[in-house]
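A short write-up of the structure that comes next.
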Amino acid sequence: MATSTLKNVRFAGMATCVPKHVVHNVNDVPPHLRSERERLVRNIGIETRRVCPDWQCFSDLAYDAADKLLNDLQWSRDEVDALIVVTQSPDYLVPATAIILQDRLGLAHSTIAFDVNLGCSAYPFALQILGSMIASGAIKKGLILLGDRSSYKHKDPLKDPLFSDAGTATALEYQEGAPPMYFDLNSDGSGCKAIIVPVGGHRNPFQLEHGIARKGDDGFWRSDLDLILDGPAVISFSTQRVPPMVEKLLGYADIPKEDIDYFIFHQANRMINETIRKKLGLPEEKTPSTLREFGNTSGASLPVTVSVRLRDALVAGKKRLLFCGFGVGLSWGGAIVDVEDAIFPELIIS
Amino acid sequence: MDNIDTFIEKFITAVDFQEAVEITPDTVLKDLPEWDSLAALGVIVLSDMEYGKTITGEHLKQVTTVNDLYQLLT
């Protein structure tokens, strides 16, 4: 049963942090590659990306987002009952990054802290996981720290024009009578190889030869440690599975499309996002995009888009949002969330 | 249904050629400088949105000429 409803859970706030360093997909590559890059940029819609320097991890961005959000919410640190980190860029393979952040953020030892390994699809899943804990009455307040240092999965940030880095924090709390949240969440592991880092886990442990890079047709060097992305498989998956899921979720919640103020889609690339938008018959003004400046920040692309594009609208009054994530796994899901009087700090640049 | 000339116009837009290129039904896809992964994505979207057909990367590996692609999509 992929569809579900959560009651008595309030969306309390969201903060987003991106690194300072900006990489330009055309101007920053060697001159002989620029013409081909211009064609690529035209089609994927990504001009600039935010890239962490070597020392900066996803958790550093998430820390800054969480610290600011907790301060602006005026939540005391020992009120946070749960801290869920959702990332594929942990500080270490062991232990979980959430537990490290419990300490860094000065949260109580009684905090429930754990990691969830999801990428582009993560945001609605994360809302469901923390939301369920709150709706059950077990806990009152919790944080989701979600994002990735996706640029590093290709080591050289110029090599892949898609991925960008961001860390985000979302706060949920228990409130009697809060508007229901509706979810539709799905998984299909038969597509696990469509987006994969094949080496470094227990199936294919790292060996020295995996580190040897080979020069590709595009002039960049790649090794087995780099992320492999099967573009045709991903575009077929995204454009076939996502629109029916959104329709199904709207049907389940019995909410007409017109009653959704904004549809916040994972920012994958322009071709994918435009195809999904057209299939659903949605106007551009209801589908905000941050692809051009912020690229594909994996699961964080939903909070990035909210923080950058919708902050003023959300501060101004009640809005009904439909979040939709899709990608690595393969995994895809949606959530309908009413937001009112929530805290949205300005974009943090760290 | 689109005739082959209309299809070729749409194909040229979908692939987004850097420089003007002459394309006939007999043009071999692999000979086109832009017949790459980005072009494949463009053609997959074209097939879906214009012809209502879901194709995969595997389908694209099996076609040789522009006319083969036309037959596949229409």
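The values are calculated or read from the model by the stated rules, or taken from the named source; none is laboratory data. Computed from a predicted structure; not experimentally measured. Because the Cβ atoms are built from the backbone with ideal geometry, glycine has one as well, and the counts that use them run over all protein chains shown.
Candidates are the residues of the range A:185-222 that are closer than 30 Å to A:Asp64 by Cα and in contact (Cβ under 8 Å) with a residue 12 or more places away in the chain; the one that is farthest from the chain's Cα centre (by Cα) is A:Gly200.
Just need a number here: residues in the range A:32-76 that are among the charged types (D, E, K, R), more than 13 Å from chain B (Cβ to nearest Cβ) and assigned to a helix (DSSP H, G or I). Full working, then the answer.
To start, the set of residues in the range A:32-76 that are among the charged types (D, E, K, R) comprises A:34, A:36-39, A:42, A:47, A:49-50, A:54, A:60, A:64, A:67-68, A:72.
If we keep only those that are more than 13 Å from chain B (Cβ to nearest Cβ) as well, we get A:47, A:49-50, A:54, A:60, A:64, A:67-68, A:72.
Then drop every residue that is not assigned to a helix (DSSP H, G or I), which leaves A:60, A:64, A:67-68, A:72.
Counting residues in the range A:32-76 that are among the charged types (D, E, K, R), more than 13 Å from chain B (Cβ to nearest Cβ) and assigned to a helix (DSSP H, G or I) gives 5.
Out of the residues in the range B:43-59 meeting the condition of being under 11 Å from the mean Cα position of the chain (by Cα) and more than 7 Å from chain A (Cβ to nearest Cβ), tell me which one is nearest to B:Asp16 (Cα to Cα). Of everything passing the filter in the range B:43-59, B:Val43 is nearest to B:Asp16 (Cα to Cα). Considering each residue of the range A:137-151 in turn, at least one proves to be part of a loop (DSSP other than H, G, I, E, B) and over 20 Å from A:Leu73 (Cβ atoms).
Return a yes/no flag: does the range B:28-40 have any residue that is in contact with a Lys or Arg (Cβ under 8 Å, 6 or more places away or on another chain), among the aliphatic types (A, V, I, L, M) and closer than 22 Å to A:Ile228 by Cα. Within the range B:28-40, one or more residues are in contact with a Lys or Arg (Cβ under 8 Å, 6 or more places away or on another chain), among the aliphatic types (A, V, I, L, M) and closer than 22 Å to A:Ile228 by Cα.
Do we have A:Asp64 as of a type in the set (Asp, Glu) and in contact with a Ser or Thr (Cβ under 6 Å, 6 or more places away or on another chain) here?
Yes: the conditions hold for A:Asp64.
Take the range A:224-237 and flag every residue that is in contact (Cβ under 8 Å) with a residue 40 or more places away in the chain and surrounded by fewer than 18 Cβ atoms within 10 Å (Cβ to Cβ). Result: A:Leu225, single match.
Number of residues in the range B:29-42 that are at the interface with chain A (Cβ under 7 Å from one of its Cβ atoms) and more than 11 Å from the chain's Cα centre (by Cα) equals 2. Among the conditions (1) on the phi < 0 side of the Ramachandran plot; (2) within 9 Å of chain A (Cβ to nearest Cβ); (3) not aliphatic (A, V, I, L, M), the only one that B:Asp16 does not satisfy is (1).
Out of A:Asp230, A:Asp226, one residue alone is within 12 Å of chain B (Cβ to nearest Cβ), out of contact with any Gly (no Cβ under 6 Å at 6 or more places or on another chain) and either acidic (Asp, Glu) or farther than 25 Å from B:Trp35 by Cα (or both). It is A:Asp230. Listed by first and then second residue, the pairs linking a residue in the range A:296-313 that is under 19 Å from A:Gly119 (Cα atoms) to a residue that is at pLDDT 95 or above and basic (Lys, Arg), with Cβ atoms under 8 Å apart and 6 or more places separating them unless they lie on different chains, are A:Thr297/A:Arg50.
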